[in-house]
Amino acid sequence: MPGRLLETALPIVGDVRNVRDVSWEHAESTVWVIEGSRRTVVVKAHRQRRKFEQEYTAYSDWLPRLQPALPREVRTPELLAADESHRVLVLTFEPGDPAEDVVLPVDAERRVHRLAGRFLRALHDLPFDDPDDLPLEDAFRQRLEAWLARSEGIVSGSVAAKVKERVSAALPALAGARRVRCHRDFTARNWLVDAQGGVTVIDFEHSRPDWRWVDLERLWTGPWRQRPDLREAFLAGYGTGFTPEAEALLAGMAALGALSTVTWAREHGDEDFERHGWEVLAWLGCAG
């Protein structure tokens, strides 16, 4: 662990007893757990300033205002220190394992999804005055064109054309939609489940205002395809279900999400993530 990053945490942890690297393989950020004489913390260093700023905004502004609206079983880490020059955050260490890695009884699985739904609804309901004049329809159109360009040489022209057709057909339904605060990587990988069944939501580096159902896209194309009971539990916690129009729009946006998944995964050598992207493209009729 670089000494300059350790120095950010030293006033908080005291004498260092152990340092563990718990980073994901994609190397977009590096994450350590530091055990000290005073307390254990998480230190996260970002490669990209944009991701640092998004996560810092979430921890310093959004989440302190969100916490009073959450049930006691749902938490988020707290920001203890930040070093903007090195793009470093020091966060409280929260016990638990990613929900996608934990084997739970069915009722406990449903409870985790219901609590995750309650968290997301509270986040989406935080008062928000959108300063962005760009309509969401136009924002998604720009994202589509950017990912189509980036995917050249990775996906075939026919796949790209099917994705463009699917997304373009869905975009008009976004007319008039409003942005809310979104996590934007809201999957069971980012929900820590502790021994008492509590849920801690982590990893806010992608968070920014967006269309609310963006936060459900990866669940909708992932575990909910085989487990509709988890979908129902989540939506019960969220407090509302999908209208047919919203679900049709979500299907269109999922095609864009799958294209970006395949492209990003190929760029980062993540074979499992790329395989999932191709599966979703096939499921949506955009591949094969």
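The values are calculated or read from the model by the stated rules, or taken from the named source; none is laboratory data. Worth saying up front: this structure is predicted, and the values here are computed from it rather than measured. Here the Cβ is made from the backbone with ideal geometry for all residues, glycine too, and neighbour counts use every protein chain on show. Accessible surface is based on the protein model in full, side chains and every heavy atom, while ligands, DNA and RNA are left aside. Shrake-Rupley method; radii C 1.70, N 1.55, O 1.52, S 1.80 Å.
Computing the accessible area with a 1.4 Å probe over protein heavy atoms, can you report the carbon and sulfur percentage for region 157-288?
On region 157-288, the fraction of accessible area on carbon and sulfur atoms equals 52 percent.
Accessible area of D15, 1.4 Å probe, to the nearest 10 Å²?
110
Is the shape of region 152-272 best called rounded, prolate or oblate, per the rule: a/c under 1.5 gives rounded, else a/b larger than b/c gives prolate, else oblate, with a ≥ b ≥ c the square roots of the Cα gyration tensor eigenvalues? Numbers along the way, then the final one.
Values: a/c = 1.82, a/b = 1.28, b/c = 1.42.
Oblate, because a/c is 1.5 or more while a/b does not exceed b/c.
How much accessible surface does F140 have with a 1.4 Å probe, in Å² rounded to 10?
10
Taking the C-alpha atoms of the chain, how large are the radius of gyration and the largest Cα-Cα span, Dmax, in Å?
Rg then Dmax for the chain, in Å: 19.5, 58.
Among rounded, prolate and oblate, which fits region 61-112 when a ≥ b ≥ c are the square roots of the eigenvalues of its C-alpha gyration tensor, a/c under 1.5 means rounded, and a/b larger than b/c means prolate?
Oblate is the answer for region 61-112, as a/c is 1.5 or above yet b/c matches or exceeds a/b.
Before I look further, what does region 1-151 give for accessible area per residue, probe 1.4 Å, in whole square angstrom? Let's see the in-between values first.
Details: 8140 Å² over 151 residues.
With the other protein chains kept in place, region 1-151 gives 54 Å² per residue.
Quote the accessible area belonging to W24 in square angstrom, nearest 10, computed with a 1.4 Å probe and with ligands, DNA and RNA left uncounted.
Its heavy atoms expose roughly 110 Å² to the probe.
Whenever you get a sec, compute what percent of the accessible area on region 46-144 sits on carbon and sulfur atoms (1.4 Å probe).
So the carbon and sulfur contribution to the accessible surface is 46 percent.
In whole angstrom, note down how far apart the Cα centers of region 30-86 and region 214-288 are.
When both Cα centres are located, 27 Å separates them.
Using Cα pairs closer than 8 Å and at least 6 residues apart in sequence, work out the relative contact order for region 29-98, in percent.
Values: 84 pairs, mean separation 23.9, N = 70.
Here the relative contact order equals 34 percent.
Take T261, T240 and sort them by solvent-accessible surface of the protein heavy atoms, 1.4 Å probe, largest at the top.
So, going from the largest accessible area down, we get T240, T261.
Residues of region 164-270: accessible area per residue at 1.4 Å, in Å²?
Accessible surface, normalised per residue, equals 36 Å².
Considering the options L66, F93, T30, tell which one lies farthest towards the positive end of the dipole of region 1-129, charges being +1 on Lys and Arg and -1 on Asp and Glu at the Cβ, about the Cα centre.
So the residue we want is L66.
By the gyration tensor of its Cα atoms, with a ≥ b ≥ c the square roots of the eigenvalues, what is the shape of region 1-84: rounded for a/c under 1.5, prolate for a/b over b/c, or oblate?
Oblate shape, in that a/c is at least 1.5 and b/c is the bigger or equal ratio.
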